[in-house]
Amino acid sequence: MDFNASLRRAIRTGEVVLGQNETKECIEKGTTELVVIAKNCPAAFAEYVSKKDGISYYVFEGSGMQLGKACGRPHLVSALAIVKPGDSDILTLKS
């Protein structure tokens, strides 16, 4: 699976929420299928995600700038939530 292509397909055909605050809201509401966090995501948020029961997450090996670029955004994205994958196979990353 090509992560970048799968992520762009999810953004284009599904529902993806960008940013730590928005991702946290989705986690609290129980609407997220998968959380993706950048390797350099703030430790407090990464720990929050890892300790939430029933939350699948994937650690993107690049920085927040690289994750933003993978999303097609010209800014840092340290976390995102896949709410609906659309036509993407990104949920195969579930842990």
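Bear in mind these aren't lab numbers, they're just calculated from the coordinates by the rules spelled out. Treat the numbers as computed from the prediction; the structure is a model and nothing was measured. All Cβ positions, even for glycine, are placed from backbone atoms using ideal geometry, and neighbour counts span all protein chains on display.
Would you kindly state how much longer the chain becomes between Asp89 and Asn21 on full extension, computed as 0.36 nm times their sequence separation minus their alpha carbon distance, in nm to one decimal? Don't skip to the end; give the middle numbers.
Working: separation 68, 0.36 × 68 = 24.48 nm, distance 2.48 nm.
Gain on stretching Asp89 to Asn21: 22.0 nm.
With a 10 Å Cβ neighbour count serving as the proxy for reagent exposure, in which order, fewest first, do Ser63, Ser78 appear?
Numbers: Ser63 16, Ser78 23.
In increasing order of surrounding Cβ atoms, one gets Ser63, Ser78.
Compute the Cα gyration tensor for the range 1-91, then decide on rounded, prolate or oblate, letting a ≥ b ≥ c be the square roots of its eigenvalues: rounded whenever a/c is under 1.5, prolate when a/b is larger than b/c in the other cases, and oblate in all that remain.
Details: a/c = 1.64, a/b = 1.14, b/c = 1.44.
Oblate is the answer for the range 1-91, as a/c is 1.5 or above yet b/c matches or exceeds a/b.
Note down the nm distance, to one decimal, between modelled labels 7 Å out along Cα→Cβ at Asn40 and at Ser63.
0.3
Order of Met1, Met65 from fewest to most other C-beta atoms within 10 Å? Let's see the in-between values first.
Working: Met1 9, Met65 16.
Sorted ascending by nearby Cβ count, the order is Met1, Met65.
For Lys39, what residues show an amide H to amide H distance below 5 Å, using hydrogens built from the backbone and excluding near sequence neighbours?
Amide H neighbours of Lys39, under 5 Å, 5+ apart: Phe60, Gly62.
Which residue, Gly30, Gly68, Gly19, tops the fluctuation ranking in a GNM of the chain built on C-alpha contacts under 10 Å?
Gly30
So who's got an amide H within less than 5 Å of the one on Glu33, skipping anything under 5 residues away but keeping other chains? H placed 1.01 Å off N, in plane.
Amide H neighbours of Glu33: Ile82, Val83.
Taking Cα pairs under 8 Å and at least six residues apart, what relative contact order does the chain come out at, in percent? The partial results should precede the final answer.
On the way: 181 pairs, mean separation 42.8, N = 95.
Once divided by the residue count of the chain, the mean separation gives 45 percent.
What is the range 27-76 by shape, rounded, prolate or oblate, if you read a ≥ b ≥ c off the alpha carbon gyration tensor as root eigenvalues and call it rounded for a/c under 1.5, prolate for a/b larger than b/c, and oblate otherwise? Kindly include the intermediate steps, with their values, before the conclusion.
Numbers: a/c = 2.40, a/b = 1.64, b/c = 1.46.
Cα axes put the range 27-76 in the prolate bin.
Could you list Ile82, Ile37 so that the one with the fewest beta carbons within 10 Å of its beta carbon is first and the one with the most is last?
Details: Ile82 28, Ile37 24.
Placing the least packed residue first, the sequence is Ile37, Ile82.
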